[in-house]
Amino acid sequence: MAKKQKEAFFTPIGIDTGQNGEIEKSVKLPEATKKTHKQLGLSDDDVVNMFEQMYLQRRFEERAMQMYQKGKFGGFLHLYIGQEAVSTGTVFAINDDDDIITAYRDHGWGLVRGVTAKEGMAELYGKATGCSKGKGGSMHFAKVENHFWGGYGIVGGHIPIGGGLAFANKYQQNNRIATCFLGDGAVDQGALHETLNMSQLWSLPCIYVVENNGYSMGTSTRRHTVGEIHERSKGYGMKSALFNGMDVFTVYENMKKIAEEVRKDSMPWFVEIRTYRYRGHSMSDPQKYRTKEELEEYQKTDPIQRLKTYLIDKKVTDKKNLEEIENRVEEQVLEAIDFAEESPFPEDEALFEDMYADEPFFHDKK
Amino acid sequence: MAVLQFREAIREAIDEEMDRDESVFIMGEEVAEYNGAYKVTEGLLDKYGFKRVIDTPISELGFAGIGVGAAMNGLRPIVEFMTFNFAVLAADQIINHASKARYMLGGQLDVPIVFRGPNASAGQLGATHSVAYDSMYAQFPGMSVIYPSEPDDAKGLLKSAIRNNDTVLFMESEQMYGLKGEVSEEEDYIIPIGKAKIKREGDDVTIVASGKMYHIAKQAAEQLAKDGVEAEIIDPRTIKPFDIETVIKSVKKTNRCIVVDESHPFGGMAAEVGFLIQRDAFDYLDAPVRRVTLPDVSAPFSKPLFDLWMPNAKDIIQAVNAVTYRS
């Protein structure tokens, strides 16, 4: 009698495996820093400002989601909600003329690097007043004059470009460093490995940061990649770090230390920041790949709520002031929606604008 | 006029541009210590040093992307591919990033980069080392595609390419690097991108051919002249933007046209030029436009099969005979 063969499996399967009644988390958060803002060299104003920046990113996206659901604009909408401590902690830690490039989950990065709520919302609406003149949409926010080089839509495609920004900084000896943010899904792209190798070989002043939010679209980290992500750079002899991305102080503390070191010795770093995205990959995501309990577990560690509690507990500010900030942000976002709705769409001529820096040419254009 | 090899003309262009602009640098496989896989960059490392002449690992996707980022951030990279057949690995950077970043960010940045290297077949190298990519890249907006045939064109056009503020693909041929030709000694010799050149005048038939194909067209024209058929050869030099006006003007004179294209037939330069001629010069045509291209099959290794595969002067003569109703 032929022995029954075991079925051939490839991917580790199922969201239930190994649960034992416990909540299976897709990312395990390292401990947050115990230091106070004063110990980190941040002023009271700084941390209140951090709160405002994070709250703006949150409310901007919550409102954008509503507008999307109302059918006010089309395209993709990948929300950053839950990850705001990463963008905010980083931008406070690095210099204003250091370079930032990221993937398509880019609204938070844009807002914290000078894309105004109005310019951002108008871009989502595809209006001429958007930060990229309505040519890019949700995935291509940018503010190049503020050294935010944009969001890019091909997973992993912008990683070597981040290396190139750093290359040019080193070439021009301008004392700027580059930071390149990618999702955990991009870790599996060959572009990352080619770039890490060349960055170490050529001493490029760049920090490559994986925002590990637990899911590569709908595939959890343990189902799409092997080993520990932050250990990937060991094969290239590159310095690495792993830290908590749900606490803005932890992000600030680590990114500041790393940025200072990169500026000094021009050697790259590979960093894994563990965070969590509350919403689906995009708006069409039914989120069948994770449990409600897991999501709720992470929402308990919400970075904005955490900072708010800290500000009140440490008496950095009072509830009334925070409420005023929240109201101000809410107002700002609502004004941005009005602005986007009232703004004109690009003129027809705009279709052929911005393709070329030099004399434009269009084959067979009548 | 100085007589230079094709590789020397390219080297002069790179050297002159590196000399006049600090932000120009060259990177690629074997460009520095090895002095270039085809000796194009010979001597540049000695002159400019390791900062500006950079050996890369065999990571086409990675170093093309580093070039794109460097171009955005103030430099003017010349990225050499050992062949455009290997640049397929970098196609994401060329097609999705270099040519699109400016538009999708609403004109906030420029990508002044030159990707260059040999294109198409270099003899019996098998299926993966033999493809012409000029037509494929010309499909995409946002970049120029140059495929010159002679050292003079190569020098003037490469200097233009390096100074261009957008993405330029500059294609050469392993088999033409040793080709000698007269090159202008004019100081700062520039040929504008997008201008065709009539390289042989004739009244009987127009032959459009660029790159390596120009040389077989020239052979065919010499042969045809012995039979009293005078071909006009137009070398577009630039595939994108394509100078169709020069071709149309010639066709209105000769009333017949052959397009020679080193690409496969589907949707290539030959197909596009043929379409434009039928639309814009229909009433002037005394015969349907014909094309000479590779067949729709990958490159074989075996010599007899390879010879059958590669367009040659005989194929062009046959096409000319067909449109002049002499066959």
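We did not get these values from a lab; they are worked out from the coordinates using the rules stated. What you see is a predicted model, and the numbers here were worked out from it, not measured in a lab. Ideal geometry is used to build each Cβ from the backbone, glycine not excepted, and the neighbour counts take in all protein chains shown.
Quick rundown of the values:
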quantity	calculated
Label point distance in nm, B:Tyr284-B:Ile190, each placed 7 Å from Cα along Cα→Cβ	3.0
The range A:44-340 - Rg over Rh from alpha carbon coordinates, Kirkwood radius	0.95
Inter-chain shielding of A:189-196 (mean C-beta neighbours from other protein chains, 10 Å cut-off)	5
Ranked list, fewest to most other Cβ atoms within 10 Å of each Cβ, for B:Val168, B:Val3	B:Val3, B:Val168
Burial ordering of A:Lys38, B:Lys199, fewest other beta-carbon atoms within 10 Å first	A:Lys38, B:Lys199
Rel. contact order, % - alpha carbon contacts under 8 angstrom, at least six apart, the range A:44-340	24
With 10 Å bins from 0: P(r) over the range B:197-323, alpha-carbon pairs, percent	14, 48, 31, 7, 0
If the convex hull is drawn through the Cα atoms of chain B, its volume per residue in Å³	131
Stokes-Einstein D (µm²/s) once Rh is taken as the Kirkwood radius of the protein assembly as shown over alpha-carbon pairs, at 20 °C in 1.002 mPa s	77
Residue-wise HN-Hα coupling along the range B:133-143, computed from phi with Karplus coefficients 6.51, -1.76, 1.60 (Hz; x: Gly, Pro)	9, 4, 5, 4, 5, 5, 4, 9, x, x, 8
Peptide B:104-116 - average C-beta neighbours from other chains (10 Å radius)	6
Net charge of neighbours whose Cβ lies under 10 Å from the Cβ of A:Val187, counting Lys and Arg as +1 and Asp and Glu as -1	-2
Overall form of the range B:2-183 per C-alpha gyration tensor (a/c, 1.5; a/b vs b/c)	rounded
Ascending count of other beta-carbon atoms within 10 Å, so fewest first, for B:Met176, A:Met267	A:Met267, B:Met176
Packing-based ranking, highest mean first, of A:83-93, B:37-47, A:337-347 given that Cβ atoms within 10 Å are counted	A:83-93, B:37-47, A:337-347
Burial ranking of peptide ranges A:327-334, A:348-355, B:257-264 (average Cβ count within 10 Å, highest at the top)	B:257-264, A:327-334, A:348-355
Inter-part distance where the range A:160-225 and the range B:263-327 are each reduced to a Cα centre, Å	46
Chain B: relative contact order in percent, alpha carbon pairs under 8 Å with at least 6 residues between	16
Shape call, the range A:200-337: gyration tensor on alpha carbons, a/c limit 1.5	oblate
Helix-derived mean residue ellipticity, 222 nm - over chain A, DSSP H n ≥ 4, -39500 (n - 2.57), to 500	-12000 deg cm²/dmol
Contact order normalised by residue count of the range B:206-327, Cα under 8 Å, 6+ apart, percent	27
Sequence ranges B:237-248, A:218-229, ranked by mean other-Cβ count within 10 angstrom, highest first	B:237-248, A:218-229
Peptide-level mean, for A:163-176, of C-beta atoms on other protein chains within 10 Å	6
Shape of the range B:276-327, Cα gyration tensor, a/c cut at 1.5	oblate
Counted charge near B:Ile78, where neighbours are those whose Cβ lies closer than 12 Å (Asp, Glu -1; Lys, Arg +1)	+2
Cα-based reach from A:Lys6 at 30 Å (exclusive), listing lysines while leaving out same-chain residues under 8 positions away	A:Lys25, A:Lys288
